Structure formats: structure tokens, C-alpha cells
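I have placed the structure first, in the form of C-alpha cells, so that the comments after it can refer back to it.
The values are calculated or read from the model by the stated rules, or taken from the named source; none is laboratory data. These figures come from a predicted structure and were not determined experimentally. Heads up, the Cβs are rebuilt from the backbone with ideal geometry, glycines too, and the neighbour counts pull from every protein chain shown. The accessibility values were calculated without ligands, DNA or RNA, using every heavy atom of the protein model including side chains. Shrake-Rupley method; radii C 1.70, N 1.55, O 1.52, S 1.80 Å.
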Amino acid sequence: MPTTADDRQMFDELREVLAATVEDVSPEEVGLDADLRDDLGVDSLALLELVAAIEERWQVKIPVEEAARLATVSDVVHHLCGVVAAPAGGTA
């Protein structure tokens, strides 16, 4: 489980992005420990689509080399928590 409210919010939003981006994946299937490739079927093309969706949703840039190192949903959540300036409900 995510350790903070911000981590939880990030995880919940990422679940929705994954379900919308990756074919045949529902939010209920996305667990924090899920492996993107083995558990969710994210191949190289789907990973590029997922990264593009994440970049658009959170207005961040994920270099290809960094994206290749993201193996689990937890990896993505931790990466996003480190690069996103403020949660969606934060101050403007």
C-alpha cells in the first residue's frame, strides 16, 4: 500500500491511466506490486503509450532510459512522486 495520502492519490490516478491506456486492463487488476510486463501485459509499444499518457496527465517528461527502468506499478508511483511538483489538489 502507498505510505502517504499523496502516494495513494498518485496510485489511484495511475490505476485509471493504466486501465485507459493498456488494452484489457481494468483498475481492479492494477496492484502496487504488479509487474508492468508480466502481470499487466505492457509490451514495448504499450509502455511508450503509457509514458505518453503519464507525461500528458502529470505534465512531466520521462526519458526513455528512465521509462525502461520502471518495472512495477510501485516503481512508477515512486518515480512520479519524485518528479511531480504538487498533487492535483495542491496550490496553484
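Okay, here's what the table says:
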item: Test for residue 68: is it in a helix (DSSP H, G or I) and exposed (fewer than 13 other Cβ atoms within 10 Å of the Cβ); result: yes
item: Subset of segment 14-33 [closer than 21 Å to residue 60 by Cβ and among the aliphatic types (A, V, I, L, M)]; result: 14, 17, 18, 19, 20, 22, 30, 32
item: Residues that are over 13 Å from residue 77 (Cα atoms), assigned to a loop (DSSP other than H, G, I, E, B) and touching a residue at least 12 places away in the same chain (Cβ under 8 Å), drawn from segment 16-34; result: 22, 23, 24, 25
item: Residue within segment 41-59 that is open to solvent by 40 Å² or more (accessible area, probe 1.4 Å), more than 16 Å from residue 82 (Cα to Cα) and touching a strand residue (DSSP E or B) at 6+ places or on another chain (Cβ under 8 Å) present; result: no
item: Qualifying residue in segment 58-65 (condition: within 14 Å of residue 14 (Cβ to Cβ) and in a helix (DSSP H, G or I)); result: yes
item: Counted residues, segment 35-51 - those being in a loop (DSSP other than H, G, I, E, B) and without any contact (Cβ under 8 Å) to a residue 12 or more places away in the chain; result: 3
